[in-house]
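Q: Got a structure for you, written out below as structure tokens; questions coming shortly.
The values are calculated or read from the model by the stated rules, or taken from the named source; none is laboratory data. In this text, all values refer to a predicted model and were calculated from it rather than measured experimentally. With ideal geometry, Cβ positions are generated from the backbone for all residues, glycine too; neighbour counts draw on all protein chains shown.
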Amino acid sequence: MKRHHQLRRLHRALVPLAALPIIATALSGSLYGLLSAQGIEAFWLMKLHIGNFGLINLQPFYSAVLGVLTLVVAGSGLGLLIGEVQSRNRASNL
């Protein structure tokens, strides 16, 4: 039970941190595609999409960070789901 609680705390802490760059990347890429289809040049959106935030340029490792964050959040979520299923199975066996 303690491990499950620790995993839940980790998941709750990581999801907001992971969601920000993932949502920003999805929105900037989608918006860039929509604007480009209309003939509107919005190259600044592509810069955001690849991790160049002006003074903060994360471009060299932005893709890796997004990938790791996605895997960690998905893994912790799966761990919570598996733990919940196991808890229910144990409770129904009693």
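Q: Would you be able to tell me the number of residues in region 36-57 that are of a type in the set (S, T, N, Q) and closer than 18 Å to Leu20 by Cα? Let's see the steps before the verdict.
A: Step one: filter region 36-57 for residues of a type in the set (S, T, N, Q), giving 36, 38, 52, 57.
Those left that are additionally closer than 18 Å to Leu20 by Cα: 52, 57.
Residues meeting the conditions: 2.
Q: Looking only at residues in region 26-36 that are exposed (fewer than 14 other Cβ atoms within 10 Å of the Cβ) and closer than 26 Å to Ala13 by Cα, which one is farthest from the chain's Cα centre (by Cα)?
A: Leu27
Q: Quick check: anything in region 37-48 exposed (fewer than 14 other Cβ atoms within 10 Å of the Cβ), at pLDDT below 90, on the phi < 0 side of the Ramachandran plot and charged (D, E, K, R)?
A: Scanning region 37-48 turns up no residue that is exposed (fewer than 14 other Cβ atoms within 10 Å of the Cβ), at pLDDT below 90, on the phi < 0 side of the Ramachandran plot and charged (D, E, K, R).
Q: Next question, about the same structure. Working only within region 8-47, note down all residues that are basic (Lys, Arg) and farther than 20 Å from Gly67 by Cβ.
A: Arg8, Arg9, Arg12
Q: Hey, another quick one. Whether any residue in region 70-90 is of a type in the set (Lys, Arg), loosely packed, with under 10 Cβ neighbours inside 10 Å and within 30 Å of Gln6 (Cβ to Cβ) is what I want to check. Give the derivation first.
A: At the first step, the residues of region 70-90 found to be of a type in the set (Lys, Arg) are 88, 90.
After this cut, where a residue has to be loosely packed, with under 10 Cβ neighbours inside 10 Å as well, the list is 90.
Right, trim to within 30 Å of Gln6 (Cβ to Cβ) and you get 90.
Yes, region 70-90 contains at least one residue that is of a type in the set (Lys, Arg), loosely packed, with under 10 Cβ neighbours inside 10 Å and within 30 Å of Gln6 (Cβ to Cβ).
Q: Something else now. For region 1-25, which residues satisfy the criterion of being among the small types (Gly, Ala, Ser) and loosely packed, with under 12 Cβ neighbours inside 10 Å?
A: Restricting attention to region 1-25, the residues satisfying the condition of being among the small types (Gly, Ala, Ser) are 13, 18-19, 24.
Hit for region 1-25 is Ala13, nothing else.
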